[in-house]
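Step one of this worksheet: look at the structure below.
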Amino acid sequence: MGRTDSFGAAEIRQLRTELSWTQARLGLVIRVHRSTVSRWECARQTPSAKHRSSLASLRAATASNPPKPVKYVSAQARERAEILARLNGRRVVASVSGGKDSAAMSLYLHELGIDHDRVFLDTGWEHPDTYEYLRGELPAKLGPITWVRGERQMEELIRHKGMFPSRVIRFCTQHLKVQPMAKHLSALIDSGVDVVNAVGVRAAESAARAKLAPWEWQEAFDCEVWRPLLRWSEEEAIAIHQRHDLRPNPLYLAGALRVGCWPCIFARKSEVRLVAETDPQRIVRLKVLENEVAMAARQRADRNGRELKNAPTWFQNPTSSRTPDGRHDGSCWPIERVVEWSRSAPRGPLRSKDEFLFAAHLDGCMRWGLCDTGGAQDVEASA
């Protein structure tokens, strides 16, 4: 096979580097859409024989003036060179949530000298401390953060639909996260900007995330997604905060295990308890929502001549009881009952683990190395 036929993803990216062209300009010259060039560079598609010939002609035109090889003396410099080659001039749009991993990702990009936009997707359902953090300490350290919102925010969206998001129907993710980000990225792409969406997820967080790739084409966003921290540990994420003297989101120091919707429909027992103890007004808002959605559900049932067996609530049965056929029984618990359950003593083999998670002031400060109250072994031994 001749050199004319050997146009893989890396070679196309290299050609664009030599030409100093955007994906849109290369696509215009060889008569394909920008997204087609992006798919070639992500190895999602391969150029046709006609397009390989066009690419070969462009490469031949630059062959008389090849780039000089550059030597890098450190591992970080080599890593930066590899990343820059993959980015190939594309603008990095980093998703920032106010949590430790997305902040660590932005700090890491700063360390590598990679310029990037920072975007926060506002659901309208975050903790007030998170909003304050995103307006104050975080942009002061990372740089300006663009706030992006969907057409409706959480409470308005639930009232509009007359239902709550659930394990099966997670409309909150689509309406509050995916669609607003897709619209934001689309505006950049339509203006002629080649983009990459950087997200701060780590493989160690779950079995599902462990299967993710560092680079992946995302159809919903019509661009490539980059996961710079995929192989990082939690300790590394904490360490980069400490290197840059960035205080973590105050919720971690209060004992929260994650930052995001307050609470998420998948909140853990300890997180529900933390909401009830530190933000009782949020529980009141949930109770009001549950009453309104239950009324809408009863009206729908009456119109359809059906009996409403379970009034919809924010949380489904957190005890995960199952019917004889192995399915969740689908029962819903009102927020007052969930709060009562969250305050109950843990049972069984998870007792010590749950109590460790409940040690809010110890767990939060110790995980971040911000207090001097003993090691993790001391906490586990006393649980």
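The values are calculated or read from the model by the stated rules, or taken from the named source; none is laboratory data. Everything numeric here is computed off the predicted structure, so don't read it as measured data. For neighbour counting, all protein chains shown are included, and Cβ atoms are generated from backbone atoms with ideal geometry for every residue, glycine included.
Among residues of segment 109-131 being touching a Pro at 6+ places or on another chain (Cβ under 8 Å) and under 30 Å from Glu155 (Cβ atoms), the one that is surrounded by the most Cβ atoms within 10 Å (Cβ to Cβ) is Arg118. Within segment 87-135, the set of residues being in a helix (DSSP H, G or I), of a type in the set (A, V, I, L, M, F, W, C) and touching a residue at least 60 places away in the same chain (Cβ under 8 Å) comprises Leu87, Ala103, Ala104, Met105, Leu107, Leu109. Restricting segment 170-196 to residues that are in a loop (DSSP other than H, G, I, E, B) and either charged (D, E, K, R) or touching a helix residue (DSSP H, G or I) at 6+ places or on another chain (Cβ under 9 Å) (or both), the residue that is nearest to Cys332 (Cα to Cα) is Arg170.
Would you confirm, using the coordinates I've provided, whether Gln299 is more than 18 Å from Pro165 (Cβ to Cβ) and modelled with pLDDT of 95 or more? No, not satisfied. Considering only segment 245-294, state which residues are closer than 22 Å to Glu336 by Cα and β-branched (Val, Ile, Thr). Selection gives Ile265, Val272, Val275, Thr278, Ile283, Val284, Val288, Val293. Once segment 254-273 is narrowed to residues that are of a type in the set (Val, Ile, Thr) and more than 14 Å from Asp129 (Cβ to Cβ), the residue that is surrounded by the fewest Cβ atoms within 10 Å (Cβ to Cβ) is Ile265. Remark: Glu155 matches the filter, which requires a residue to be modelled with pLDDT of 95 or more, surrounded by 15 or more Cβ atoms within 10 Å (Cβ to Cβ), touching a Gly at 6+ places or on another chain (Cβ under 8 Å) and farther than 25 Å from Val196 by Cβ.
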